[in-house]
Amino acid sequence: MNATHSHLKDLDYSVVQQCMHCGLCLPTCPTYDATKIERNSPRGRIALMRSIADGKLEATKTFADEMYFCLGCLACMTACPAGVNYAELFEHARAEAEQSGVLDSPKRSVIRGFTLRWLFMDLSRLQLVGHVMRLYQQLGLQAFLRRSGVMKLMPKRLQELEAMTPTVQDKFSSDLIDPITPATDVKKHRVAMLIGCAQDLIFSDVNRDTVEVLAENGCEVVTPHDQHCCGSLHAHNGEWELAQRLARKNIDQFPPEQFDAIITNAGGCGSHLKHYAKLLAGDAAYEKRAHEWDHKVKDIHEWLAQIGVKTPPATGSAKVVTYHESCHLCHGQKITNQPRQLLKAIPGVTLVELFEANWCCGSAGIYNLTQPEMAGELLDRKMKHIRSTKCEVVATGNPGCLLQIVNGAKKEGLPLRVAHPVTLLAEAYRGGGNSKDKAQSSK
Ligand code: SF4
Ligand code: SF4
């Protein structure tokens, strides 16, 4: 480990020492709820982080494993009366774990090198992979492999991962959205639209729907085709320097002073995008602009509530909808009422509240890939509550949650539609028809 630099020792000590050990966060923590082990709780994790910051503990493998067992769902932040900034602690703790090298292995280095340092640093590479996957799916190779029983010869984990592979869209965002979309009627705002990374491949239809809804609500929408990842994947997985590099690229591409808002429709991305100033603190060329950037980034629900959403025509069919809250939308960004208001504004929608709507579904970035057991338990719990609503549609504002619940419904053979709230609104503006493109579905 580099002896001169430690992410936790260098962190502002007022953040490190803020926890007063009251334990009020414990009942809201999914990992503590599952194990009842103090180390798996926010309080336990913060104590470990503080021990490292105080120089009483080295970053060991146990510490690193614990940081990766944490979902990063931030439910503890909502519960905490002392205002502990767990999000900041968590990112620095994972960076500390990576820097210590205690988890290093050749296999892990190859996977991280390929994904974090190569694939997600240049989205043209990700699109290339998307094209290959699309061919694999559309030429019937995936279906053939599944039917032929070949997959059954593979290790169980590989079979599980293959079953979770999402359908790559027929068209990516650049095929569906013009670089400039004029406001449908009178232009009142000029906004930038962030198309995301995986979102662009798997939910380009949601991006298109978002742009349509924005235009319908008086926004001119700027959507460049060659965008960059927001860097949340990097920041949440200990790659601090790569996350900073991506933040600078985004600020350069979307100078915040040129837009009324910079729009994201992914709860996980938005939570990270709103903290570029912290990420770039001390960077003379970017820190000031990053503050303006943070102020301009808006989740789509938040922005529509701010500007006042236009009521769609009353032509939609009746449907029972429930709403699952993305952790980073509700705990990370404190956006809870706006999506519900938006859904209630759609003619024909009856919104039924979901029990534990703000309890993590197990998706948590790539947690469902790295911690399948815990993620599976959380998904089962979520599906049980969804079933009890007897809904036809689950609405949720984050691509990871959308996919996780689609997979949960598939596993249970539940004919459920899972959709972003903005898609339901776009459909209502179109006169009640379903989305124009093939969407991820459990059916
Ligand atoms: S982020 Fe979520 S899993 Fe991690 S300590 Fe907080 S509540 Fe628990
Ligand atoms: S993180 Fe907050 S709620 Fe949890 S023990 Fe510390 S002060 Fe209490």
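Take the Cβ atoms of GLN258 and TRP118, set R0 to 35 Å, and the FRET efficiency comes out at 0.70. Shape of region 388-429 from the C-alpha gyration tensor: oblate (a/c of 1.5 or more and a/b not above b/c, with a ≥ b ≥ c the square roots of its eigenvalues). Average projection, convex hull of the Cα set of region 208-275: 4.9 square nanometres.
Summing charges over neighbours of GLY44, with a neighbour being any other residue whose Cβ is under 10 Å away from its Cβ, gives +1 when K and R count +1 and D and E count -1.
Using the heavy atoms of the protein chains alone and a 1.4 angstrom probe, what is the accessible area of the chain per residue in square angstrom?
For the chain, the solvent-accessible area averages 43 Å² per residue.
For a label point 7 angstrom out from the Cα of ASP54 toward its Cβ, which stretches of region 15-40 have the backbone nitrogen within less than 15 Å? Only 15-22 fall inside the zone, counting backbone N under 15 Å.
Keeping every protein chain in place, order TYR136, TYR367, TYR13 by accessible area at 1.4 Å, biggest value first, i.e. largest first. All intermediate terms of the calculation are to be shown ahead of the outcome.
Numbers: TYR136 65, TYR367 5, TYR13 100 Å².
I get TYR13, TYR136, TYR367, largest accessible area first.
Working from label points 7 Å from Cα in the Cα-to-Cβ sense, the VAL150 to GLU373 distance is 3.2 nm. Of the beta bridges in the chain, as assigned by DSSP with both residues counted there, near 10 percent are antiparallel.
When region 236-284 is described by a simple charge dipole with +1 on each Lys and Arg Cβ and -1 on each Asp and Glu Cβ, the residue from PHE254, LEU273, HIS236 located farthest towards its positive end is HIS236. Heavy-atom accessible area with a 1.4 Å probe sorts THR181, THR60, largest first, into THR60, THR181. In this calculation the C-beta distance from ALA314 to GLU392 is compared with R0 = 22 Å, giving a FRET efficiency of 0.70. Taking all protein chains as they are arranged and a probe of 1.4 Å, the heavy atoms of VAL211 leave approximately 10 Å² accessible to solvent. Expressed as a whole percent, the accessible surface of the chain that belongs to carbon and sulfur atoms is 56, based on a 1.4 Å probe. The residues packed around MET383, meaning those with a beta-carbon under 14 Å from its beta-carbon, carry a net charge of +3 if Lys and Arg are +1 and Asp and Glu are -1. For PHE120, the accessible area of its heavy atoms, probed at 1.4 Å with every protein chain present, is near 30 square angstrom. Against the criterion of solvent-accessible heavy-atom surface with a 1.4 angstrom probe, MET49, MET20 sort, most first, into MET20, MET49. Summing charges over all other residues whose Cβ lies under 13 Å from the Cβ of ALA395, with Lys and Arg as +1 and Asp and Glu as -1, gives -1. In order along region 248-256, phi translates into HN-Hα couplings of 4, 4, 5, 5, 5, 6, 10, x, x Hz, rounded to whole numbers, per the Karplus curve 6.51 cos²θ - 1.76 cosθ + 1.60 with θ = phi - 60° and x for Gly and Pro. Label-to-label distance, LYS334 versus LYS188, with points set 7 angstrom from Cα along the beta-carbon direction: 2.5 nm.
Taking the Cα centre of the chain as origin and charging only Cβ (+1 Lys, Arg; -1 Asp, Glu), how large is the dipole, in debye to the nearest 20?
Taking the Cα centre of the chain as origin, the dipole is about 1120 debye.
Heavy-atom accessible area for ARG146, with the other protein chains in place and a 1.4 Å probe, reaches approximately 110 Å².
Take the convex hull of the alpha carbons in the chain; its mean projected area over all directions comes to 20.9 nm².
The values are calculated or read from the model by the stated rules, or taken from the named source; none is laboratory data. As the structure is a prediction and not an experimental result, all values here were calculated from the model. Cβ sites come from the backbone with ideal geometry, for glycine too, and all protein chains shown count toward neighbours. We work out accessible area using only protein heavy atoms, side chains counted, and drop any ligands, DNA or RNA first. Shrake-Rupley method; radii C 1.70, N 1.55, O 1.52, S 1.80 Å.
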